[in-house]
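Written below as structure tokens is the structure these notes are about.
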Amino acid sequence: MAMISNSTPPPRQSPAKLGVDRVSAWFGTHQVLQDIDMQIGEREVTAIIGPSGCGKSTLIRSLNRMHELSEGARIAGKITLDGADVYARDVDPVMLRRRVGMVFQKPNPFPSMSVRDNVLAGLRLTRSLDNARADEIVEKALHGAALWEEVKDRLAAPGLSLSGGQQQRLCIARSLAVAPEVLLMDEPCSALDPVATSRIEDLIHELKATYTIVIVTHNMQQAARVSDYTAFLLSGDLVEFSETNRLFTSPRDQRTEDYITGKFG
Amino acid sequence: MSDHDTRSRMPERAFFALTIAAVAVPLLVLLFLLVIVTRSGLTRLGWDFVTSYPSRHADHAGILPGLVGSLWLMGLTALIALPLGVGAAIHLEEYGKQSRLSRLIEINIANLAGVPSIVYGLLGLGLFVRTLHMGRSVLAGACTLALLVLPMVVMVSREALRTVPMSLREAAYALGATRWQTIRQVVLPQAYPGILTGAILALARAIGETAPLVVVGALTYITFVPDGVDAPFTALPIQIFNWVSRPQRAFVVNAAAGIVVLLATMLVLNGAAIYLRNRLQKKRA
């Protein structure tokens, strides 16, 4: 199979929401990403796949500037949101993160807060809120995360009293309540059972109508099921980035084929 | 086979017995102290003893100034040491980068916790009483005790902050919270129970301290209670020390009664703090 340079942009229907331009990242002296180029389309689901330690978490964490919170973390290159450089001097990472929300690997609801307060946490942390509007936001966010029917009678219960899958959807609701434009999901189902996983996957299909979604996943079937575009990362290099269908049915790179057919990883 | 089984269970049983002994020995010693002290102080224990001023006559003497003085000291020490100690811990843990300097500071704080209390007393005498002209006041005493317990408050608070999982801080940052919002609304509420435990231990140590207060100039015989932070003062352990060193047998009874009052005060303070901690924990869970 002929090697085609990965810088050839895949055909796109929608304009790029996030642009990744020659991005490299380090932890101390250890380089974890090398010259990554990607265009992430608006209201599309982009999956990032690859074996453990390939840098996919670092890549997604550099999109909302969470990478820089780690000790010794460094980044070079350019990441744009709607064309504007998010690492520009005058960009406050705090404001950026309100536009680019994130859901983590392990559900992490705030343990001291009820279901309702967890949903409102992002708003309460950052500004004051009157009660009538709060009720409306809670219901909307929980509907958005497909959790409302299950928890509407126990909004005052502690967030930790929910099941793992419900907790993860609570974390999604918490992100939605801040009204972001982009939702980053870093292996959101890796701590969940298959039933909870499929609920989150259904949810991703619904959320796509409103949000731009980037999802890191370990699970290739999941990437195939939920995403429009897929990026395959290997040891910090972007090996291939194309439409999900194409990547899984006719990969252009031998390494991609080896990975998706289970020859390694 | 059964022979082998019994032999392998021997260390198990021995260890179990050892841990029981480890619990029983200190408990018995404490019980012994309580029984002896209560029995010898019993004749003087009563409401009169708690509400009276010291006197030349042992059977009229009371512990009121010492009790009130100790409560003043506790309150002021807490007010000074807790904000400073928790503040320093937050800075070192949440803002400080892992560097050689921060490790150096950490080692130094641990060392400071081991400095003999008399040294803190001398520091307090030089700094608060003389240089800052606080005089032999309850404020000078509280400042000295605050210095004394500060390293402990810092260490325990850092430990409590460290137990808050990184994932919760990340959750807050990802929602667009600033560092301060994250600390105040996510990290501190999680760390409060641990910090409070440290505060209890620190204040329990402060209430029992005698040496630094003697150096700073707590009086042994006063017939009034402090009416402000600049008033002269005495404290429970000082009063007890004074009575024990009297030649008359009757004053030794007073000392025993004084010890019971001191222990009871400590119990009430600790009980209140533990109650508060459990309520915080319940809210958390």
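The values are calculated or read from the model by the stated rules, or taken from the named source; none is laboratory data. Keep in mind that what you see is a predicted model, and the values were worked out from it rather than measured. Please note: Cβ atoms are built from the backbone with ideal geometry, for glycine as well, and neighbour counts cover all protein chains shown. Just the protein is used for accessible areas: all its heavy atoms, side chains included, with ligands, DNA and RNA removed. Shrake-Rupley method; radii C 1.70, N 1.55, O 1.52, S 1.80 Å.
In this simple spin-label approximation, B:R246 and B:V115 carry label points 7 Å from Cα along the Cα→Cβ vector, and these lie 3.6 nm apart. If R0 is 22 Å, the Cβ-Cβ spacing of B:S167 and A:A179 corresponds to a FRET efficiency of close to 0.45.
Of the residues making up the range A:114-129, those losing 10 Å² or more of accessible area when the isolated chain is joined by the remaining protein chains, with a 1.4 Å probe, are A:G122, A:R124, A:L125, A:T126.
Between the amide H of A:V103 and those of A:L184, A:M185, A:D186, distances stay under 5 Å, these residues lying 5 or more places away or on another chain, with hydrogens modeled in the peptide plane. Model label sites at B:L31 and A:R43, defined 7 Å from Cα along the beta-carbon direction, differ in position by 7.6 nm. For A:R246, the solvent-accessible surface with a 1.4 Å probe is about 90 Å², rounded to the nearest 10. Distance between the pseudo-spin-label points of A:E243 and B:L201 (7 Å out from Cα toward the beta carbon): 6.4 nm. Ordering A:S198, A:G83, B:L18 by Cα displacement along the dipole of the protein assembly as shown toward the positive end leaves B:L18 in first place; charges were set at the Cβ atoms of Lys, Arg (+1) and Asp, Glu (-1). Note on A:D135 and A:A84: with the Förster distance fixed at 41 Å, the Cβ-Cβ geometry gives a FRET efficiency of about 0.75. Here the range B:250-280 is scanned for amide nitrogen atoms under 19 Å from the site 7 Å beyond the Cα of B:T38 along Cα-to-Cβ, giving B:253-271.
Excluding same-chain neighbours fewer than eight residues apart, the aspartates and glutamates reachable from A:K78 by a Cα-Cα span under 15 Å are A:D21, A:D35, A:D37, A:E68, A:D90. With the dipole of the protein assembly as shown worked out from charges on the C-beta (+1 for Lys and Arg, -1 for Asp and Glu) around the Cα centre, which of A:A73, B:L236, B:V119 lies farthest toward the positive end? Projecting each Cα onto the dipole axis, the largest value belongs to B:L236. Given R0 = 22 Å, the distance between the Cβ atoms of B:H60 and B:D230 translates into a calculated FRET efficiency of 0.15. Of the solvent-accessible surface of the protein assembly as shown, computed with a 1.4 Å probe over protein heavy atoms with every protein chain present, carbon and sulfur atoms account for 61 percent. Between B:L267, B:L219, B:L196, the residue with the greatest mean-square fluctuation in the GNM of chain B (Cα pairs under 10 Å linked by springs) is B:L267. Each residue of the range B:147-156 is assigned a 3J(HN,Hα), and the resulting list reads 4, 4, 8, 3, x, 5, 4, 4, 5, 5 Hz, derived from the Karplus form 6.51 cos²θ - 1.76 cosθ + 1.60 (θ = phi - 60°), x at Gly and Pro. Each part reduced to its alpha carbon centroid, the range B:89-167 and the range B:211-285 end up 22 Å apart. Computed from backbone phi with θ = phi - 60° and the Karplus coefficients 6.51, -1.76 and 1.60, the 3J(HN,Hα) list for the range B:204-210 is 5, 5, 4, 5, x, 5, 10 Hz; x is used for glycine and proline.
For the chain pair B and A, buried accessible area totals roughly 1900 Å², probe 1.4 Å, rounded to the nearest 100. Relative contact order of chain B: 27 percent, from C-alpha pairs under 8 Å at least 6 residues apart in sequence. Once the 1.4 Å probe is applied to the protein heavy atoms, chain A comes out at 43 Å² accessible per residue. Ordered from highest to lowest accessible area with the whole protein assembly present and a 1.4 Å probe, A:T80, B:T38, B:T234, B:T163 read as B:T163, B:T38, A:T80, B:T234. Counting only DSSP beta bridges with both residues in the range A:16-260, the antiparallel share comes to about 60 percent. Across the options B:S167, B:A78, B:W180, the greatest Cα extent toward the positive end of the charge dipole of the range B:63-234 (unit charges at beta carbon of Lys, Arg, Asp, Glu) belongs to B:S167. Amide H to amide H, with H built 1.01 Å from N, B:S137 comes under 5 Å of no residue 5 or more places away or on another chain.
Ranked from largest to smallest solvent-accessible area, with a 1.4 Å probe on the protein heavy atoms, A:S163, A:S114 come out as A:S163, A:S114. For the pair the range B:44-76 and the range B:14-40, the centres of their Cα atoms are 29 angstrom apart. Using the Cα gyration tensor of the protein assembly as shown, with a ≥ b ≥ c the square roots of its eigenvalues, what is the shape: rounded (a/c below 1.5), prolate (a/b larger than b/c) or oblate (neither)? Prolate is the answer for the protein assembly as shown, as a/c is 1.5 or above and a/b outweighs b/c. Computed from backbone phi, the HN-Hα couplings of the range A:236-250 come to x, 9, 7, 6, 7, 9, 7, 4, 4, 3, 5, 4, 8, 9, 9 Hz, rounded to whole numbers (Karplus: 6.51 cos²θ - 1.76 cosθ + 1.60, θ = phi - 60°; Gly and Pro given as x). Here the sum of -39500 (n - 2.57) over DSSP H runs of 4 or more residues, divided by the residues of chain A, equals -10000 deg cm²/dmol at 222 nm, to the nearest 500.
In the context of the full protein assembly, B:M74 retains an accessible surface of approximately 10 Å², using a probe radius of 1.4 Å and ignoring ligands and nucleic acids. A Cβ-based charge dipole, computed about the Cα centre of chain B with Lys and Arg at +1 and Asp and Glu at -1, lands at about 320 debye.
Taking B:V252, B:V37 and ordering them by how much accessible surface each has at a 1.4 Å probe, largest first, produces B:V252, B:V37. Once the 1.4 Å probe is applied to the protein heavy atoms, chain B comes out at 54 Å² accessible per residue. What shape does chain B have by the C-alpha gyration tensor, where a ≥ b ≥ c are the square roots of the eigenvalues, rounded means a/c under 1.5, and otherwise prolate means a/b greater than b/c and oblate the rest? Oblate, since a/c reaches 1.5 and b/c is not below a/b. Take the Cα of A:S70, go 7 Å toward its beta carbon, and the backbone nitrogen atoms of the range B:76-113 under 19 Å from that spot belong to B:97-99.
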